[in-house]
1. State which residue pairs qualify: first residue over 20 Å from residue 122 (Cα atoms) and inside the range 60-71, second residue in a helix (DSSP H, G or I) in any location, beta carbons under 6 Å apart, and separation of 6 or more residues or different chains.
2. Need pairs with beta-carbon distance below 6 Å; first residue within 16 Å of residue 42 (Cβ to Cβ) and surrounded by 12 or more Cβ atoms within 10 Å (Cβ to Cβ) and within the range 80-107, second hydrophobic (A, V, I, L, M, F, W, C) and at pLDDT 90 or above; sequence gap 6+ or separate chains.
3. With (1) crowded, with 18+ Cβ neighbours inside 10 Å; (2) among the β-branched types (Val, Ile, Thr); (3) in contact with a strand residue (DSSP E or B) (Cβ under 6 Å, 6 or more places away or on another chain) as the list, and residue 68 as the residue in question, which single condition is left unmet?
4. Select from the range 177-226 the residues that are in contact with a helix residue (DSSP H, G or I) (Cβ under 8 Å, 6 or more places away or on another chain) and of a type in the set (Gly, Ala, Ser) and list them in ascending order.
5. Identify the single condition in (1) touching a residue at least 12 places away in the same chain (Cβ under 8 Å); (2) within 20 Å of residue 18 (Cα to Cα); (3) not basic (Lys, Arg) that residue 183 does not satisfy, given that it satisfies every other one.
6. Any idea which of 162, 121, 180 is closer than 23 Å to residue 55 by Cα and basic (Lys, Arg)?
7. Here are the criteria: (1) within 24 Å of residue 20 (Cα to Cα); (2) surrounded by 20 or more Cβ atoms within 10 Å (Cβ to Cβ); (3) of a type in the set (Gly, Ala, Ser). Tell me which single one residue 172 does not satisfy.
Amino acid sequence: MTTRWPGVRTALEAEGGALLEALEPLPHEAFERPTRLGAWTVRDLGGHLWRGLHRVIEGLGSPPPARIDVDAVTYWRAYDPTATGPDIAERAREVARRYPDAAALVADLRRVLDEVVEACRNTPDERPVPTWGPVMRLDELLATRVLELAVHGLDLADALGREPWLTPGAASITRGILVRLLGAEPPAVQAMSDVVFFELATGRRRPGRAIRMRLGALADRLPLLA
């Protein structure tokens, strides 16, 4: 079986590395800045990303299930973000509270990223991996982790007042997932920058009148995930 997401391992490593390079030099107080994700701070978001990456390690440590339920697109339709959002936020805060300071959290986030990269290096793409419920091929699961790093990287850049650091491979995979969720890639979407499209697709940016006119009925599908 061939992968649907060529270069997904490289994209994960590159996007994760870029995010960590942005976080590692920050003073401790920067981690208490609010983000545009409600009550989440930069530190809470770090805890959420730690959980997302560690889920790969947990899944690969379990026996391979016999079935596969979702792929990197249908995964995002397999849960209700409104219902599960509070629990997800609280689990992120629980992770963040384990560490005495922000530097310790970031150091462990790098350790987990390295562990994921190493664990996946010689694991076949088609290996079934259990998640919080659904079962996915490994390459499909990694594609969802790339999207998380890319989109939350935009959240972190916004909170820190700096330019986004989207890496090309992560941008390509994230765009591929979001276009499939949208159901089409009309010229209006093709002309959008990755940052604009990703923020529209995930509810970080509201579509104005001009974008709605260009997207037509597709605008009613936004946001695609939150």
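1. Partner pairs satisfying both residue conditions: 71/140.
2. Listed by first residue and then by second, the contacts come to 95/50; 99/105; 102/31; 106/23.
3. With respect to (1) crowded, with 18+ Cβ neighbours inside 10 Å; (2) among the β-branched types (Val, Ile, Thr); (3) in contact with a strand residue (DSSP E or B) (Cβ under 6 Å, 6 or more places away or on another chain), residue 68 is out only on (1).
4. Scanning the range 177-226 gives 183, 184, 188, 201, 219, 226.
5. Every listed condition holds for residue 183 apart from (2).
6. Within the list 162, 121, 180, the selection yields 121.
7. (2)
Yes or no, residue by residue, for (1) under 18 Å from residue 142 (Cα atoms); (2) out of contact with any Phe, Trp or Tyr (no Cβ under 7 Å at 6 or more places or on another chain):
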| site | (1), (2) |
| --- | --- |
| 43 | no, no |
| 49 | yes, yes |
| 54 | yes, yes |
| 59 | yes, yes |
| 66 | no, yes |
| 70 | yes, yes |
| 80 | no, yes |
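The values are calculated or read from the model by the stated rules, or taken from the named source; none is laboratory data. Being a predicted model, the structure only gives us computed values, none of them experimental. Don't worry about glycine lacking a Cβ; one is built from the backbone with ideal geometry, like all the others, and counts go over all protein chains shown.
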